[in-house]
Amino acid sequence: VFVATANDIGSIPAPLRDRMEFIHLSSYTPQEKYEIAKKYLIPQELKKHGLKNMEVSIHKAALQTIIANYTREAGVRNLRRRLADIFRKCAKQLLIDPSTNKISVTTKNLPEFLEKRIFEIEATDNKAKIGQVNGLAWTSVGGDVLKIEAIRIQGKGAMQVTGSLGEVMKESAKIALSVVKVLIDEKHIKVPKAIIPLTAKEKEDKITPEGSEMYRRFDLHVHVPEGATPKDGPSAGITMATAIASIMTDSKVRSDVAMTGELTLTGKVLPIGGLKEKLIAAYKAKITTAIIPKKNFERDLDEIPDEVKEALEIIPVERIEEVLKIAFTGR
């Protein structure tokens, strides 16, 4: 019998995975990491490095910065390593300069103890944009906010999807496009006539084309940034549909809204996994509204930390029409 840990069980060979029992542990929130560091990690690392409380202190803001910008993980393993890096340099400084009685680590002098920041969830820019939507993703080191982008180019209705995506995510993009086409055909969303390119005959005859001509006369390009990082899963379905609908209708998407949910061809929103990690990521990015599937809202909300629930307006949805009504400005 042996006990092992893994950030992503998908990388464990299938025959071995079939013979294992799994205990799933959720990510810590930033506040939980802060309390763990304050009560356990810092005292333990001080003792390991032969230091006393009166010799080294880490200010609250500095510790919060270490958690937010110098580590990227669900647990606290790398946080312990960063603290060890700091205390090693503190111990060396105290030995080299006996006149130094105490070292205080603050946000100002933190770069002297640690190398450059390696991770930072970018806060929203408070500016609504066309074709850019905040999606919530689960990764092996916690949640993340993905800004899914879409542009339109005059063409014949083709679509390309980029960003190191797996097959499931590529299929989600195709489903999203089909759903948006149906919404346009059924006039659930309105295409401004002014953005549809006219043929010479239409100009001559003063004919106004139907809204469905929009997706016949433009090519679409959907991109998920950080192309070097592999991404897969169905939970970006509603995010891709929102980006495509935005670019096809010239509708601005609220920058303070993030979303996650699988989308079916009939426009239904299905539940997803990793909700806790995703909402924590939204909280870190200063998102104010999170759109999630109704089934996740009913069964998983108890697992979400109170500080996250208090900071976010979490809205359950069952259909893509509800998502667009919330996400688009002026609807």
Inset, instruction - Considering every residue within the range 217-236, establish whether at least one is farther than 30 Å from K156 by Cα and not aliphatic (A, V, I, L, M). - result: yes
Legend entry - Set K190, K147, K174, K92: member being part of a loop (DSSP other than H, G, I, E, B) and of a type in the set (K, R): K190
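With S57, S99 as the choices, which residue is in contact (Cβ under 8 Å) with a residue 40 or more places away in the chain, more than 30 Å from A6 (Cβ to Cβ) and open to solvent by less than 100 Å² (accessible area, probe 1.4 Å)? It would help to see each step written out before you state the result.
Numbers: S99 fails: in contact (Cβ under 8 Å) with a residue 40 or more places away in the chain.
It is S57.
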Inset, instruction - Search the range 4-46 for residues being open to solvent by 80 Å² or more (accessible area, probe 1.4 Å) and of a type in the set (F, W, Y), and hand back the single one that is farthest from K276 (Cα to Cα). - result: Y40
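Let's see how each residue does on (1) buried (at least 18 other Cβ atoms within 10 Å of the Cβ); (2) of a type in the set (A, V, I, L, M, F, W, C); (3) modelled with pLDDT of 90 or more:
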{"residue": "A84", "(1), (2), (3)": "no, yes, yes"}
{"residue": "F87", "(1), (2), (3)": "yes, yes, yes"}
{"residue": "K108", "(1), (2), (3)": "no, no, yes"}
{"residue": "K127", "(1), (2), (3)": "no, no, no"}
{"residue": "V133", "(1), (2), (3)": "yes, yes, yes"}
{"residue": "T162", "(1), (2), (3)": "no, no, yes"}
{"residue": "S172", "(1), (2), (3)": "yes, no, yes"}
Inset, instruction - For the range 174-183, name all the residues that are hydroxyl-bearing (S, T, Y) and open to solvent by 70 Å² or more (accessible area, probe 1.4 Å). - result: none
Legend entry - Condition broken by Y215, with the remaining ones in (1) modelled with pLDDT under 95; (2) of a type outside the set (K, R); (3) closer than 21 Å to V308 by Cα; (4) open to solvent by less than 40 Å² (accessible area, probe 1.4 Å) satisfied: (3)
Inset, instruction - Could you please find all residues in the range 4-36 being touching a residue at least 24 places away in the same chain (Cβ under 8 Å) and of a type in the set (S, T, N, Q)? - result: N7, S26, S27, T29, Q31
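Hey, could you check the range 150-160 for residues that are farther than 26 Å from T266 by Cα and either among the aliphatic types (A, V, I, L, M) or in a strand (DSSP E or B) (or both) and say which is modelled with the highest pLDDT?
Within the range 150-160, the subset farther than 26 Å from T266 by Cα is 153-155.
With the extra rule that they be either among the aliphatic types (A, V, I, L, M) or in a strand (DSSP E or B) (or both), the set shrinks to 153-154.
Numbers: I153: 91, Q154: 87.
Among residues in the range 150-160 that are farther than 26 Å from T266 by Cα and either among the aliphatic types (A, V, I, L, M) or in a strand (DSSP E or B) (or both), the one modelled with the highest pLDDT is I153.
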Legend entry - Qualifying position, being loosely packed, with under 14 Cβ neighbours inside 10 Å and under 30 Å from G10 (Cα atoms), among E186, E226, E262, E204: E226
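The values are calculated or read from the model by the stated rules, or taken from the named source; none is laboratory data. Source: prediction; values computed, not measured. Because the Cβ atoms are built from the backbone with ideal geometry, glycine has one as well, and the counts that use them run over all protein chains shown. Only protein heavy atoms, including side chains, enter the accessible area calculation; ligands, DNA and RNA are left aside. Shrake-Rupley method; radii C 1.70, N 1.55, O 1.52, S 1.80 Å.
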